[in-house]
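Heads up, the thing below is written out as structure tokens.
The values are calculated or read from the model by the stated rules, or taken from the named source; none is laboratory data. Just so you know, these numbers come straight off a predicted model, no measurement behind them. Every residue, glycine as well, gets a Cβ built from its backbone with ideal geometry; the counts of neighbours run over all protein chains shown. Surface areas here come from the heavy atoms of the whole protein model, side chains and all, with no ligands, DNA or RNA. Shrake-Rupley method; radii C 1.70, N 1.55, O 1.52, S 1.80 Å.
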Amino acid sequence: MSGTMPLPRWVDVILLPVLNVTLAFIIGGIVVLAVGENPIEAVRIMLYGAFGYGYGFGFTLYYTTNFIFAGLAVAVAYHGGLFNIGGEGQAYVGGLGAILVALAVGGLHWALALPLIMIAAALFAGTWAFIPGWLQARRGSHVVITTIMMNFIATSMMSYIISRILKPENVNSDESARIAEVTRVPFLSEWIPFLNNTPVNISLFIALLALVGVYVLIWHTKFGYELRTMGHNGVAARYAGMSNARLIMVTMAISGALVGMVAVNDTAGAHGRLLLGYVAGTGFVGIAVAFMGKAHPIGVGLSALLFGVLYQGGQELAFTMPAITREMIVTIQALVILFTGAMSNMLRRPVEFAFMAARSRREPDRVAQEKEA
Amino acid sequence: MEDLISVLITTIRVSTPLILACLAGLYSERSGIVDIGLEGKLLGSAFGAAVVAALTGNAWLGLLAGVGVSLVFSAIHGLASINFRGNQIISGVALNFLASGLTVFLGGAWFGRGGNTPPLSGDARFYGIQLPFAQELAGVPVIGPIYSGLLSGHSILTYIAFLAVPVTAWVLWRTRFGLRLRAVGENPKALDTAGMSVSWLRYKALAITAVLVGMGGAYLSTAQAASFSREMSSGRGYIALAALIFAKWKPYPALGACLLFGFLEALQYRLQGVRLPVIGEVPTQAMQALPYVLTILLLAGFVGRAIAPKASGQPYVKER
């Protein structure tokens with residue numbers, strides 16, 4: 001394209017995302033300045049809130065766990081050229097699977113119940129994501145629109161199920177019965193007192209395993225190869241004999257199953273019951289996490305941690321600087337999606353020119369030759 | 001009769017922002033730019049309108065501010081999807097988050113009411129307009145309730161919304177701009193070859209989008225409600241998008257789809273707690289989900305096929 005040469009890999013993978021994210025934070029800082037607060041002081045409070053003491057650190061890890069699942073879900077679909085905006089609804093429906101099994105096997109030791117809960121959550125959430133996948137593969141309806149619609153349908157359906165069916169008689173707020181203590185996914189603070197009774201639980205390790213699993217799936221299996229081929233060029237994939245329809249459906253189901261694990265962390269772990277609207281935007285944060293991490297598991301892990309820090313630090317910030325509400329984090333999230341997702345080409349050109357200039361100063365002859373050729 | 005009239009009045013009231021947002025989306029998507037950001041634009045403009053109306057005490061200045069906010073959002077969307085050839089869907093999603101975060105953040109910092117703006121009253125609000133002879137005709141049977149009850153007494157923005165439908169149809173099918181707009185969404189290369197600027201046309205379409213959806217947002221906070229409250233657009237941008245698909249990107253069917261979705265919403269308020277024969281009590285949640293279910297069925301081709309403008313969603317790359 002237009003006489004520039006391909007950038008070195010590290011620029012593409014590390015430098016550009018870092019620059020884009022930095023830009024998002026600079027603008028976020030300007031917004032903080034606009035309401036009369038000191039952005040540097042805000043960052044200091046955030047970091048302290050996220051890492052400074054055991055209680056904060058525990059919550060940071062708890063949020064990170066959710067964001068890894070949500071980010072991986074978006075990332076897996078993205079490799080196949082699919083944009084799954086439905087994580088929010090899928091995780092919500094996954095909560096139904098988790099609670100039904102957890103209540104049904106109530107009294108079973110958690111080590112035995114956990115796999116069952118995971119399977120149920122994955123099945124419910126995966127099915128919820130499979131529907132848009134099926135609709136796109138078989139009926140040609142765009143997955144973006146259908147996943148948005150499915151989010152709303154999930155909200156209405158779950159609100160009915162929780163408030164009318166699952167809610168026990170003696171409870172006033174809209175929530176299910178509680179999971180038996182022995183069945184509930186245990187908090188890490190049972191073994192590590194430093195974490196001070198925070199909701200971070202065994203799911204953190206499931207999330208880390210999921211990162212590795214997705215890496216293997218995408219880059220070291222036949223399925224992953226086909227998925228990436230479809231993502232780069234669907235027509236080429238079809239000519240190479242791959243079934244796009246099957247790939248789309250399987251990918252969406254996997255994506256849904258991944259974000260369904262949020263239910264294991266929250267419903268079966270942190271809350272110990274199914275709450276109305278429990279997902280609370282986690283599915284959407286996944287979009288920012290996936291883009292920031294360039295849909296690579298290492299990147300997803302790091303950006304999930306960053307958003308975990310932002311969320312927990314944001315709580316501390318809202319407490320210390322009343323002018324800064326938690327919604328500042330949503331704003332940052334929006335800027336991250338904007339700059340790393342939609343405007344990622346904005347900084348590419350200047351960086352390309354900078355590299356051209358640097359190289360022509362170093363090796364003027366070769367660049368001239370390349371230009372002639 | 002009176003029940004029906006009152007449901008229909010509510011239908012018109014709740015359809016107004018849908019119609020404005022839906023027509024807004026029509027201009028954008030006809031030009032080849034997918035606009036998932038309608039929701040964010042509605043929310044952002046509702047906030048802008050409420051803030052300025054509260055500060056100046058003038059609803060018209062509020063309206064202007066609302067449109068201004070959605071123009072800024074459209075400019076960002078255009079920059080990302082036209083100039084930088086970014087993914088339009090991602091850009092739209094980002095705008096929705098930006099609106100959701102910024103409105104509550106700034107609202108909280110400026111007014112300290114948990115993201116809400118101060119209540120609006122007097123000149124800071126758009127009130128219903130009495131059509132001529134509405135008072136006199138109120139007593140006449142049949143015509144009375146329909147004219148004075150149903151058609152009269154809405155805010156100016158509602159009349160603009162309904163007027164915008166025939167105007168859009170005329171622009172789309174009877175003007176040179178409309179022809180080009182339809183062409184740039186179907187085959188931008190043809191326009192480029194004919195020496196017209198694809199980018200400029202798309203920016204113009206996005207500007208019209210912003211004006212319409214900005215009015216829709218201003219309606220929410222200065223006409224329907226008397227202040228801005230957090231997440232007050234509550235999915236209407238997405239419903240408008242669904243209606244647009246339902247209408248197959250045509251103005252009159254868009255009006256029909258918005259009225260249908262509005263009617264469902266009005267019916268839902270009406271039916272709360274009411275037992276119907278045979279079905280029993282209809283859960284509100286089922287009514288809320290209905291427009292989305294219908295849209296999915298439509299998209300799947302079970303109730304006819306919806307085919308979007310061909311170039312929509314794809315950035316245009318000039319040949320070099």
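Can you order the peptides A:267-275, A:84-92 by their average number of other Cβ atoms within 10 Å per residue, highest first? Display every interim value, and only then the final one.
On the way: A:267-275: 24.6, A:84-92: 31.7.
Those peptides, ordered most packed to least, come out A:84-92, A:267-275.
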Taking chain B as the reference, fit the longest principal axis to its C-alpha atoms, fit the long axis of helix B:251-271 to the helix C-alpha atoms, and give the angle between the two in degrees, 0 to 90, nearest 10.
40 degrees
CD proxy, 222 nm, chain B: helix-only mean residue ellipticity via -39,500 (n - 2.57) per DSSP H run with n ≥ 4, per residue, nearest 500, stands at -21000 deg cm²/dmol
Rounded to whole Å and sorted largest first, list the principal axis extents of the Cα atoms in segment B:207-251.
34, 21, 15
Lys pairs in chain B with Cα under 18 Å (8 or more apart in sequence, or on separate chains) total 7
I'd like the per residue volume of the convex hull spanned by the Cα atoms of the protein assembly as shown, given in cubic angstrom.
190 Å³
Do any chymotrypsin sites (Phe, Trp or Tyr not before Pro) in segment A:136-192 lie in a DSSP loop with no more than 14 other beta carbon atoms within 10 Å, and if so, which?
A:W191
Span from the segment B:114-153 Cα centroid across to the segment A:1-55 one, whole angstrom
50 Å
Cα radius of gyration and Dmax for segment A:103-218 (Å)
18.0, 53
For the pairing of chain A with chain B, what total accessible surface becomes buried, with a 1.4 angstrom probe, in square angstrom to the nearest 100?
3700 Å²
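Once you sort the root eigenvalues of the Cα gyration tensor of segment B:116-180 as a ≥ b ≥ c, which label holds: rounded (a/c under 1.5), prolate (a/b larger than b/c) or oblate (the other case)?
Verdict is oblate for segment B:116-180.
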Per-selection metrics, segment B:146-303 (Cα): Rg and Dmax in Å:
18.9, 64
Roll a 1.4 Å probe over the protein heavy atoms and report the accessible area of B:Y159 in Å², nearest 10.
70 Å²
How far, in degrees from 0 to 90, does helix B:59-78 lean away from the longest principal axis of the Cα atoms of chain B, to the nearest 10?
30 degrees
Viscosity 0.890 mPa s, temperature 25 °C, Stokes-Einstein D of chain A from Kirkwood C-alpha radius, µm²/s:
112 µm²/s
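Starting from the residue with the highest accessible area, list B:S148, A:S173, B:S233 in decreasing order, probe 1.4 Å. Each step should come with its number before you reach the end.
Values: B:S148 25, A:S173 60, B:S233 0 Å².
Result of the area sort, largest leading: A:S173, B:S148, B:S233.
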Chain A: calculated mean residue ellipticity at 222 nm from DSSP helix runs of at least 4, using -39500 (n - 2.57):
-22500 deg cm²/dmol
Mind pulling the angle between the C-alpha long axis of helix A:244-265 and the longest principal axis of chain A? Nearest 10 degrees, somewhere in 0 to 90.
50 degrees
Ignoring ligands, DNA and RNA, please state the percent of accessible area on the protein assembly as shown from carbon and sulfur, probe 1.4 Å.
65 percent
With θ taken as phi - 60° and the coefficients 6.51, -1.76 and 1.60, list the Karplus ³J(HN,Hα) couplings across segment A:337-351 in order, rounded to whole Hz; mark glycine and proline as x.
4, 4, 7, 8, x, 8, 10, 5, 7, 4, 8, 4, 4, x, 5
Residues whose modelled amide H sits under 5 Å from the amide H of B:S155, counting only those 5 or more places away in sequence or on another chain, are B:I129
